[in-house]
Amino acid sequence: MNNGRDMWKAIMREMLNGNVFKNVLNALYAKLRFGELDDEGARKTTEWITEWIDSHSKQEPFFMFINYLEPHLEYAPKRELAEQFLPDDVSYEDAIEVPQNPWKYVTGQLSLTGSEFEILKCLYAAEIAYVDSKIGALVGHLKSIGEWDNTVLMILGDHGENIGDHGLMDHQYCLYDSLLHVPLVAHGGSFTDQGSIDDLVQLTDIAPTLLSEIGIGSSSFSNQTQGKPIFEQDRDHVIAEYITPQPSRESIEKRVGDPNNCMDMYDRSLKTIRNKQYKLIRGSDGSTELYDIVKDQDEKDDLSAYKPDVVDEMCSTLDTWISSFDAIETTSNENIDEDAQERLEDLGYI
């Protein structure tokens, strides 16, 4: 497989830091995500959750945050799931051998055909299906013990995925809807019998919404997070930021090199604002993009040169938002020790 040396370096560093046995399990879960190695991360997570719920007193309420890792590069779902999504003329072995190194791709050192990207999309869909089955098992367990009607459950993605979209792989370096438009599924409480809702929602709305469901309202918390309970708002726009490129240009150059200086174009911060028709993306490098997301959901037709009035109006709203709070200045990594920084670089976080 591609990028094998970096993978094993990351694993060894994790293994030798602290509790070796525990770290071996964690490193294998995070890095050795190949179907033939019989990854059972989501299964083990769901089993632990159901065991904890069974041992927990039904008289005591609880809050639980669950993070399933599977739908991430490298995509390596189980064979039986992958074969449900792959074309008939593509074998599981051939699919797994499609290169999946996003850093080499983004730096122009790896080329993938349209057919190869379609294969990767099938593997990604299979990984989502795997996690979906484990969430289904959790829901089934809650029903079997009579707790489903007493439970508020929210399922959401923290980001989407670029699989060749906009010339990118993985989930970095942009604010297109391929990364921002994520699933949000909710059950129980105020969500009962609500059907499908197409309101504008930010991830920062989730925590205030959950607090509202249990009768806790905090204007200071909502102001701090800039979130609002979903059923107590009518947003006319939403905003997102990409503060700094991660992994950084320096990290990419260290890991795979950048012979064509491709990372120069991603060395900037981004902010975006969208309403129900238009979406503006503005970069610290002076770039501006505008898309009609009703007619152009894939964000391929930049209208910024043709609709200056819309650009000016959305920029003004964005600037008003920026000036409404104190910005936090980012700092360098001087407080991170060298070993920790190397581990974070190997895992793609800086």
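Laid out as a table, the results:
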{"quantity": "Any helices (runs of 4 or more DSSP H) falling wholly within the range 53-145 and containing at least 1 residues that are under 17 Å from Gly157 (Cβ atoms) and touching a residue at least 12 places away in the same chain (Cβ under 8 Å)", "calculated": "114-144"}
{"quantity": "Every pair of residues 6+ apart whose Cβ atoms lie under 8 Å, when the first sits in the range 193-206 and is surrounded by 16 or more Cβ atoms within 10 Å (Cβ to Cβ) while the second is part of a helix (DSSP H, G or I) and not acidic (Asp, Glu)", "calculated": "Val201/Ile230; Thr204/Thr225; Asp205/Ile230"}
{"quantity": "Test: Val139 is over 30 Å from Asp264 (Cβ atoms) and β-branched (Val, Ile, Thr)", "calculated": "yes"}
{"quantity": "Count of residues meeting criterion [among the small types (Gly, Ala, Ser) and either surrounded by 13 or more Cβ atoms within 10 Å (Cβ to Cβ) or under 27 Å from Tyr278 (Cα atoms) (or both)] in the range 207-233", "calculated": "5"}
{"quantity": "From the options Val185, Val238, residue that is at pLDDT 90 or above and more than 26 Å from Thr320 (Cβ to Cβ)", "calculated": "Val185"}
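Residue by residue, here is whether (1) within 24 Å of Thr204 (Cβ to Cβ); (2) at pLDDT below 90; (3) in contact with a His (Cβ under 8 Å, 6 or more places away or on another chain) holds:
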site	(1), (2), (3)
Tyr242	yes, no, no
Gln277	yes, no, no
Gly283	yes, no, no
Tyr291	yes, no, no
Gln297	yes, no, no
Ser304	no, no, no
Asp309	no, no, no
Ile328	yes, yes, no
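The values are calculated or read from the model by the stated rules, or taken from the named source; none is laboratory data. All figures in this text were calculated on a predicted structure; none of them were measured in a lab. Glycine gets a Cβ as well: all are built from the backbone with ideal geometry, and neighbour counts include every protein chain shown.
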